[in-house]
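All of the numbers you see were taken from the coordinates with simple rules; none came from a lab. These numbers come from a predicted model, not from an experiment. Reconstructed Cβ throughout: ideal geometry from the backbone, glycine too, with neighbour counts over all protein chains shown.
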Amino acid sequence: MNERYIKKIIGCATCGMRCDHIGVVSEGPYKGSTARVEFECLWALGPNCGVDRLDAIIEAIYQCDHYGMDGISTGVIVGFAMDCYEHGILTASDTDGLDLHFGNAEAMVELTKRIGSRKGWLGDVLAEGTMRAAEKIGKGAVKYANHIKGLELPGYELRTLKTAALGFAVSFRGACHLRSGAYSPDMKGKVDRLKIEKGRGKLVVDGEDLYNVIDSLILCKFSRGIYYDTYEDIAKYYTLATGIEITPEELVQAGKRINNLARVLNIREGKGTREYDQLPPKIMEVPVPDEGFAKGAHVNQKEFDIGLDDYYEVRGWTKEGIPTVEKLKELGLQNLVPIVKKRMAKKKGKGGK
Ligand code: SF4
């Protein structure tokens, strides 16, 4: 890729990592197309769609940038449409003749443009995102919709990264690799990544709280592994930048407060409870088919429930995933108590909308 497409590597001021790789297509039908190429979009619009042509992937990323679309979501939506096509749920008349078999690079680019411009019935439907598109398409399309809380899955194989599966399921904005770094213990071999057991809840919570703090301080997420003593160092940065003294313990509490606040906002909107902390059918019901040590892996309901119970317990939430009044008061979020009380009352059938 570097030899044929990457023309420039750039980064933020003073950063030694410089993660921005600018790809340029120098020949062929997409000649001149220019886009920042990074792992997630490369995966989503590439192998996720069976596409191995870098010129088409760069063009599709360019189109995502042009239309202001997220490259991960767009690639997953195109892959979803391809799955539906291969399973006969979408036909050539639905696609206006577009051959949506996996691996068709031109079709992947064309569909990306149609989604961006809402062109045709299919472009318009897919522009709603995988969750709503699957509902509109019907005919069992939900089986192929890879999303959590309406956000498309990023490039992690959750059937074989099960701490990450739990982390993405409970994340307050759905399947976001920037809200949960729970793939890290899986990929570093700190846990058995092919199972969920008690103890994973704490790993997920600790990662979420740290990500909340890093994002709130507008630190680069890639910096998360470079500190000598993470919260101690970050507390010093905070004080140096603001003049306000803060302890590492207060920062940890801030991370917890953010997660609880976001959870309660979801609850207020009717979506923050256990039934929304779910995984897509493809992760729960379709075992890994390939030969190798992960063959047959998928997340089963029993281990998933163990993980959810463990996570809620560590968070100090009810079994339904609702922050308790005591927990909210402990975090100084007592103004949110009426929202959770209303929700708990609804759960008990005593009121609520
Ligand atoms: S986003 Fe982070 S890793 Fe990338 S160049 Fe900026 S500071 Fe460096």
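Brief remarks follow.
- Working note: Karplus 6.51/-1.76/1.60 with θ = phi - 60° gives the stretch 7-15 the couplings 9, 7, 10, 10, x, 5, 4, 6, 7 Hz, where Gly and Pro are set to x.
- Cα principal axis extents for the chain, largest first, Å: 60, 54, 41
- For the pair Ile6 and Glu330, a Förster radius of 56 Å applied to the C-beta separation gives a FRET efficiency near 0.70, rounded to the nearest 0.05.
- Glu291 versus Lys31: modelled label distance in nm, points set 7 Å from Cα along the beta carbon direction: 4.4
- Between 0 and 90 degrees, the angle of helix 71-86 with respect to the longest Cα principal axis of the chain falls at about 60 degrees.
- Burial ordering of Ile10, Ile148, Ile77, fewest other beta-carbon atoms within 10 Å first: Ile10, Ile148, Ile77
- Taking amide H as placed 1.01 Å from N in the peptide plane, Arg36 has its amide H under 5 Å from the amide H of Gly23, each at least 5 places away in sequence or on another chain.
- Computed from backbone phi with θ = phi - 60° and the Karplus coefficients 6.51, -1.76 and 1.60, the 3J(HN,Hα) list for the stretch 159-176 is 5, 10, 10, 7, 5, 5, 4, 5, x, 5, 5, 8, 4, 6, 10, x, 6, 10 Hz; x is used for glycine and proline.
- Mean sequence separation of contacting Cα pairs (under 8 Å, at least six apart), scaled by the length of the chain, corresponds to a relative contact order of 11 percent.
- Net lengthening on full extension, Met284/Lys236 (0.36 nm per residue, minus Cα-Cα): 13.0 nm
- Above-threshold pairs, the threshold being 21 Å between Cα atoms, out of Lys162/Lys347; Lys282/Lys302; Lys188/Lys282: Lys162/Lys347; Lys188/Lys282
- The HN-Hα couplings worked out from phi for the stretch 18-35 by the Karplus form 6.51 cos²θ - 1.76 cosθ + 1.60 (θ = phi - 60°) are 6, 8, 8, 10, 9, x, 10, 8, 9, 7, x, x, 10, 3, x, 5, 9, 7 Hz, whole numbers, x standing for Gly and Pro.
- For the stretch 172-347, the calculated P(r), taken from all Cα-Cα distances in 5 Å bins from zero up to the bin holding the longest distance, is 1, 7, 14, 19, 18, 15, 12, 8, 4, 2, 0, 0 percent.
- If only the Cβ of Lys and Arg carry +1 and only the Cβ of Asp and Glu carry -1, the dipole of the chain around its Cα centre is close to 1440 debye.
- Taking amide H positions as modeled 1.01 Å from N, with prolines and chain starts lacking one, the residues under 5 Å from Leu151 and 5 or more places away or on another chain are Ala175.
- By the equivalent-ellipsoid construction on the alpha carbon gyration tensor, the stretch 6-145 comes out with semi-axes of 29, 15, 12 Å, ordered largest to smallest.
- Based on DSSP H segments of at least four residues, each scored -39500 (n - 2.57), the chain has a per-residue ellipticity at 222 nm of -14500 deg cm²/dmol.
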